[in-house]
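Just below is one structure, and these are the notes that go with it.
The values are calculated or read from the model by the stated rules, or taken from the named source; none is laboratory data. This is a predicted model, so every value here is computed, not measured. Every residue, glycine as well, gets a Cβ built from its backbone with ideal geometry; the counts of neighbours run over all protein chains shown. Keep in mind that these areas ignore ligands, DNA and RNA; they rest on the heavy atoms of the full protein, side chains included. Shrake-Rupley method; radii C 1.70, N 1.55, O 1.52, S 1.80 Å.
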Amino acid sequence: MTSKTTLPHTSNVIVAYSASKFVPDQAQNTAEKTNNIHPVYNVDDYQKISKAKISKALYEYLASGTDDEQTLSENRSAWKMWYLRPRVLKPMSRLSTATTLFGQRLDLPVFTSPAGVQALADPEHGECATARAAGRMGTMFGLSQHATRSIEQVAEAAPDTNKWFQSYILKDREMTLRLVRRAVKAGYKGIFLTVDSMRFGYREADARNGWDSLPAPHRLVNYDDEQQKSELSATYNGKEKQSWDQNSEMMFEQNVSWNDIRWLKENACQGLPLVIKGIMTGEDAAMAVEAGADGVMVSNHGGRALDGCVSAIDALPEVAKAVNGRIPILLDSGVRRGTDVLKALALGATAVGIGKPLFFALSVGGEDAVVNVLTMLKTELEAAMAICGVETVKDITPGLISRHPSGGPAVPYIRSAL
């Protein structure tokens, strides 16, 4: 079982790690601290440590984007184009990061986005570690349909966590419905429907590294039926294409439409909120509302779908304008700082998710490292809120943010630099 050590509420944590252990510096024996000690002051520090710890092929699978990685880069640099407007002499004695989403309380407006195959980073616990970490921080956990721990395993491992399930529409539509029904039965509180992945973008790094299948013993266990290995493994591990995403996408339905939102709600969701993940334009946001979506999620799949599209934060304003307060808006892709969280909320998001950082944290320190990532983001958000004069999340308004007259400095994010 992962340690339940309480982490200090600060970003200045020294991390000592071995192959499978993470604890704060003060809990380590002096002899154990002699080697492999790295400072963790922000979310990106976990990526730097992870890069030195895991294989090149795995690191590039987790960290890379598609094609030229323009969108991957701009998911990070675009935040620098938005500026916060500090307000002074405001009472801050009751500062709180708590918010609500579909009537569900979140202690902070940051959740763990559905991200598959987490056992690649934490072979022992996989998605169960992230689910427990989210529960410890009082926030929401998203389980990917492409998880390495099943819907039921995660429910059992983190019974008190606010868990959501993420669905893809498969060519086998009945299996799609069965998976969502399993999540409902297991007590999940909402459903994400990912709509930007009928096809994945071309993963050049994976092709170069020969990452064309899910390495043994890992499996997409939600497709396994009654303890029998699913025949779908012959598709997602078929090695027909040069990169794994191009093999796994062959399972997905190509003939989809906006009617599928009502189809899924009426046949599987059983009253749970359905959030459409992968919305990047105002036009699609408006159509999602009209089709019956309960929420939308601005996301470009972390730069792993269409290269050359705008960053998530730059897509948010037009989505917020189109939605016009009718349903909640979530966002992921590129969130790394508490100030990023505040900027997204000021531009209309209800909460934001993190994806890639989960893998790097898991690979370094499992559940406790994910708790520390969320703790750092919360600490940074609290400081930013206080300096901007907002005591609660509901006090965050568009007046807190602006574009610099010159557009702001474009600071490129270069994956190889981390």
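Residues in segment 278-290 that are open to solvent by 10 Å² or more (accessible area, probe 1.4 Å) and part of a strand (DSSP E or B): GLY278 only. Kindly indicate the residue of segment 331-359 that is in contact (Cβ under 8 Å) with a residue 60 or more places away in the chain, not in a helix (DSSP H, G or I) and not small (Gly, Ala, Ser) and also nearest to GLU127 (Cα to Cα) among those meeting that condition. My answer is ILE354. Across segment 194-215, a minimum of one residue is classified as more than 24 Å from the chain's Cα centre (by Cα) and within 27 Å of GLU124 (Cβ to Cβ). Just checking, does segment 243-266 include any residue being among the aromatic types (Phe, Trp, Tyr), in contact with a helix residue (DSSP H, G or I) (Cβ under 7 Å, 6 or more places away or on another chain), open to solvent by 10 Å² or more (accessible area, probe 1.4 Å) and over 25 Å from LEU120 (Cβ atoms)? Checked against the condition, which is being among the aromatic types (Phe, Trp, Tyr), in contact with a helix residue (DSSP H, G or I) (Cβ under 7 Å, 6 or more places away or on another chain), open to solvent by 10 Å² or more (accessible area, probe 1.4 Å) and over 25 Å from LEU120 (Cβ atoms), segment 243-266 yields at least one hit.
When each of ASP340, ASP395 is tested for being open to solvent by less than 20 Å² (accessible area, probe 1.4 Å) and charged (D, E, K, R), the lone residue that passes is ASP340.
When the criteria are applied in full, GLU367 meets the requirement of being surrounded by 19 or more Cβ atoms within 10 Å (Cβ to Cβ), in a helix (DSSP H, G or I) and charged (D, E, K, R). So, in segment 37-90, of the ones that are within 17 Å of TRP244 (Cα to Cα), in contact with a Gly (Cβ under 8 Å, 6 or more places away or on another chain) and not polar (S, T, N, Q), which residue ends up least open to solvent (accessible area, probe 1.4 Å)? So, considering only residues that are within 17 Å of TRP244 (Cα to Cα), in contact with a Gly (Cβ under 8 Å, 6 or more places away or on another chain) and not polar (S, T, N, Q), the one least open to solvent (accessible area, probe 1.4 Å) is GLY65.
Taken together, the criteria place GLY135 among residues that are under 16 Å from the mean Cα position of the chain (by Cα) and surrounded by fewer than 21 Cβ atoms within 10 Å (Cβ to Cβ). Between LEU274, LEU220, which is in contact (Cβ under 8 Å) with a residue 40 or more places away in the chain, open to solvent by less than 10 Å² (accessible area, probe 1.4 Å) and in contact with an Asp or Glu (Cβ under 6 Å, 6 or more places away or on another chain)? Of the residues listed, the single one that is in contact (Cβ under 8 Å) with a residue 40 or more places away in the chain, open to solvent by less than 10 Å² (accessible area, probe 1.4 Å) and in contact with an Asp or Glu (Cβ under 6 Å, 6 or more places away or on another chain) is LEU274. Cβ-Cβ contacts under 9 Å between residues 6 or more apart (or on different chains), taken from a first residue in segment 136-150 that is at positive phi to a second residue that is outside any loop (DSSP other than H, G, I, E, B) and at pLDDT 95 or above, are listed as GLY138/ARG105; GLY138/LEU106; GLY138/ASN162.
Among the residues of segment 189-215, those that are in a loop (DSSP other than H, G, I, E, B), modelled with pLDDT of 90 or more and surrounded by fewer than 20 Cβ atoms within 10 Å (Cβ to Cβ) comprise LYS189, GLY210, PRO215. With the checklist (1) open to solvent by less than 60 Å² (accessible area, probe 1.4 Å); (2) modelled with pLDDT of 90 or more; (3) of a type in the set (Ser, Thr, Tyr); (4) more than 28 Å from CYS388 (Cα to Cα) in hand, flag the one item TYR17 doesn't pass. The failed condition is (2). Of all residue pairs spaced 6 or more apart or on separate chains, those with beta-carbon atoms under 9 Å, a first member in segment 58-70 that is touching a residue at least 24 places away in the same chain (Cβ under 8 Å) and over 8 Å from ALA205 (Cα atoms) and a second member that is among the β-branched types (Val, Ile, Thr) and open to solvent by 40 Å² or more (accessible area, probe 1.4 Å) are GLU69/ILE414.
Number of residues in segment 291-320 that are out of contact with any Leu (no Cβ under 8 Å at 6 or more places or on another chain), outside any loop (DSSP other than H, G, I, E, B) and within 21 Å of SER77 (Cβ to Cβ) equals 5. The residues of segment 308-331 that are more than 20 Å from THR392 (Cα to Cα), open to solvent by less than 30 Å² (accessible area, probe 1.4 Å) and in contact with a Phe, Trp or Tyr (Cβ under 9 Å, 6 or more places away or on another chain), listed by number, are SER311, ILE313. Every condition in (1) more than 27 Å from GLN254 (Cα to Cα); (2) within 17 Å of the chain's Cα centre (by Cα); (3) of a type outside the set (Phe, Trp, Tyr) is met by GLY142 except one, and the failing one is (1).
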